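Take a look at the structure below.
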Amino acid sequence: MFKGKMYCFRAEWKSSKNFDRQNLPAWLCLDADWQGFKISTIPEVADVAEILGLLQVNDSADEWISHLESLGLKGVTQVCCEEMFEDKGYY
């Protein structure tokens, strides 16, 4: 049942005007840099949210993108997690 897979995405900050950073779900981690928003899933929390019926994503990148867009993020694209965290030394 538990998937434990992390997904990473980028979103355009200029076109994501309706995105409310204060209401970010607990299963997402958000950062920003000069290229826009950097979003990653928190697998342990996402798995529990799915079991509780709070999250419906079927563990696919396309469904995660739809979920992120429903939160108001625009221009969402999947990126390689290793590249996204490269500057922090996470491997």
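The values are calculated or read from the model by the stated rules, or taken from the named source; none is laboratory data. The structure displayed is predicted, hence computed values, not measured ones. Calculation scope for accessible area: heavy atoms of the full protein, side chains included, ligands and nucleic acids excluded. Shrake-Rupley method; radii C 1.70, N 1.55, O 1.52, S 1.80 Å.
Just a few scattered comments:
- For the chain, the 222 nm mean residue ellipticity estimated from helices alone, with every DSSP H stretch of n ≥ 4 adding -39500 (n - 2.57) and the total spread over all residues, rounds to -6500 deg cm²/dmol.
- Mean separation of Cα pairs under 8 Å and 6 or more residues apart, divided by the residue count, gives the chain a relative contact order of 41 percent.
- Around the amide H of Y7, modelled in the peptide plane, lie the amide H atoms of T41, all under 5 Å away and 5 or more residues distant in sequence or on another chain.
- Options (i) 80, 17, 15; (ii) 37, 32, 22; (iii) 79, 54, 11 - which one matches Cα extents along the principal axes in Å as calculated here: (ii)
- Residues with amide H under 5 Å from that of K74, placed H, sequence gap 5 or more: E12, S16
- For the chain: accessible area per residue (Å², 1.4 Å): 64 Å²
- Alpha carbon centroid spacing (whole Å) that separates segment 27-63 from segment 1-26: 6 Å
- Carbon + sulfur, % of accessible area of the chain - ligands and nucleic acids excluded, 1.4 Å: 51 percent
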